[in-house]
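**Q** One structure, pasted below without further comment.
Readers should treat all values here as calculations from the given coordinates under stated rules, not as data from a laboratory. Please read all numbers here as calculations on a predicted model, not as lab measurements. Note that each Cβ is placed from the backbone with ideal geometry, even for glycine, and that neighbours are counted across all protein chains shown.
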Amino acid sequence: MRWKLSRRDKEDDMSSFYGVELPTAFMLGTANYPSPAILDAAFRQSAASVATVSVRREAAGARAGEGFWRLIRELGVQVLPNTAGCHSASEAVTTAQMARELFETDWIKLEVIGHSDSLQPDPFGLVEAATILCRDGFKVFPYTTEDLVLAERLLDAGCEVLMPWGAPIGTGLGLINPYGLRSLRAQYPDVPMVIDAGLGLPSQAAQAMEMGFDAVLLNTAVAKAGDPVAMACAFAKAIEAGQLAKTADPMEPRDMAAPSTPLIGKAFLQ
Amino acid sequence: MKISINGVATEVAARSLEAILQENGYGDSRVATAVNGNFVPVSQRASCQIEAGDAVEIVAPRQGG
């Protein structure tokens, strides 16, 4: 690609997540694809560098998890298990412990859901679970809101990464509170932050990166697209474009027009 | 004795969690376990004694967002 970041730019701009520098800022979910082959192609062609996964009940003799786990391992990406669907701290902690054993990683995307319709995080349960998990050696990626006080509590609990939502999970609404996200980004400039959930279009991912977020995590927008592989590639390009734009130091917006073509030398035609 | 396995009432003869996994067809499957809401690591399955009415959860890797 012509506009690849130079190596120096990449080194300057590379974000570290618990000491891991990811080759791309694209984190992609693994749920709801039309087929495992399409999931595989979406990851390979988009160069997404993190795959989110979950744990679910296994029927006796089914061994359904093994085929999926093999597919994910063969992708060679960083695995980020989640605690999706958990509505209490204790449920999330137990789920995280099971995920750590199954996926052999101490990374955990911590979800503690507080509201069934909006899937909004339960801030109190989230801090409680994060405190327990950080103390237990987990590297916690909390799915949170843009709330500054909650961010502070999560950092106090030991989280070294924050994952504010763009919009409620699965809505595709994009960044519905740009002011709140800008405030969060500005308040903690050195904390790696991932916009997680609510994105529907690549332009929204570019916007997140232009705002200075370090990565983007999404699932539904790719998996439910008519062509998931093409959409994954579109997101990858948008994420890289937004990242490059951020490093290119964008101009300041202004209210008054300013001609881009110099007036000096214009023909006098009256 | 009767216990719950993944929410289904199940009659088991074995007493340890490890033996119950064997008895119910999980064999060497890649699974993680919890009993009554508490995680039980692989290393403790043999010594984990299950009692009547206990709730055993058995999970495996799945797709997720």
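**Q** Taking the Cβ of each residue in A:Thr220, A:Thr94 as the centre, tally the other Cβ atoms inside 10 Å and list the residues starting with the fewest. Don't skip to the end; give the middle numbers.
**A** Working: A:Thr220 19, A:Thr94 23.
Ranking A:Thr220, A:Thr94 by Cβ neighbours within 10 Å, fewest first, gives A:Thr220, A:Thr94.
**Q** Which order results if A:Val149, B:Val56 are arranged by neighbouring Cβ count within 10 Å, fewest first? Don't skip to the answer; put the middle values down first.
**A** On the way: A:Val149 8, B:Val56 22.
Fewest to most other Cβ atoms nearby, the residues stand as A:Val149, B:Val56.
**Q** Using DSSP, restrict attention to beta bridges with both residues in chain B and report what percent are antiparallel, rounded to the nearest 5.
**A** 85
**Q** How crowded by other chains is A:76-87, given as the mean number of beta carbons from other chains within 10 Å of each beta carbon?
**A** 1
**Q** Which value, in Å³ per residue, describes the convex hull spanned by the Cα atoms of the range A:206-267? Please list the in-between numbers first.
**A** Values: hull volume 9.8 nm³, N = 62.
For the range A:206-267, the hull spanned by Cα atoms encloses 158 Å³ per residue.
**Q** Of the beta bridges DSSP finds with both residues in chain A, what % are antiparallel, to the nearest 5?
**A** Working: 3 of 24 bridges.
About 10 percent, rounded to the nearest 5.
**Q** Can you spot the aspartates and glutamates whose alpha carbon is less than 17 Å from A:Lys224's alpha carbon? Ignore those fewer than 8 places along the same chain.
**A** Of all the aspartates and glutamates, those that pass the test against A:Lys224 - Cα under 17 Å, at least 8 places apart if same chain - are A:Asp40, A:Asp196.
**Q** Let me ask you something else. Please report the Cα spread of chain B along all three principal axes, rounded to whole Å, starting with the longest.
**A** So the extents along the principal axes, rounded to whole Å, are 37, 23, 22.
**Q** Same structure, new question: Using Cα pairs under 8 angstrom and six or more residues apart, how large is the relative contact order of the range A:183-270, in percent?
**A** Working: 74 pairs, mean separation 24.2, N = 88.
With pairs under 8 Å counted, the relative contact order is 28 percent.
**Q** Taking each residue of A:28-36 in turn, how many C-beta atoms of other protein chains fall within 10 Å of its C-beta, and what is the average? Present the calculation step by step, with values, prior to reporting the outcome.
**A** Values: counts 1, 3, 5, 4, 3, 1, 0, 0, 1.
Taking the mean over all residues of the peptide, I get 2.
**Q** May I pose another question? What order do you get for A:Leu22, A:Leu154, B:Leu17 when you list them from fewest to most C-beta neighbours inside 10 Å? The partial results should precede the final answer.
**A** Working: A:Leu22 19, A:Leu154 26, B:Leu17 23.
Lowest to highest Cβ neighbour count: A:Leu22, B:Leu17, A:Leu154.
**Q** Shielding by partners for B:31-42, please: the mean number of other protein chain Cβ atoms within 10 Å of each residue's Cβ.
**A** On the way: counts 10, 12, 2, 5, 1, 1, 5, 4, 9, 4, 4, 1.
Per-residue shielding by partner chains comes out at 5.
**Q** Next question, about the same structure. Once you keep just the Cα pairs under 8 angstrom separated by 6 or more residues, what percentage relative contact order results for the range A:124-238?
**A** Details: 186 pairs, mean separation 23.7, N = 115.
Answer for the range A:124-238 is 21 percent.
**Q** Taking 1 over the mean of 1/r across every pair of different Cα atoms in chain A, what Kirkwood radius in Å do you get?
**A** Its Kirkwood hydrodynamic radius stands at 19.5 Å.
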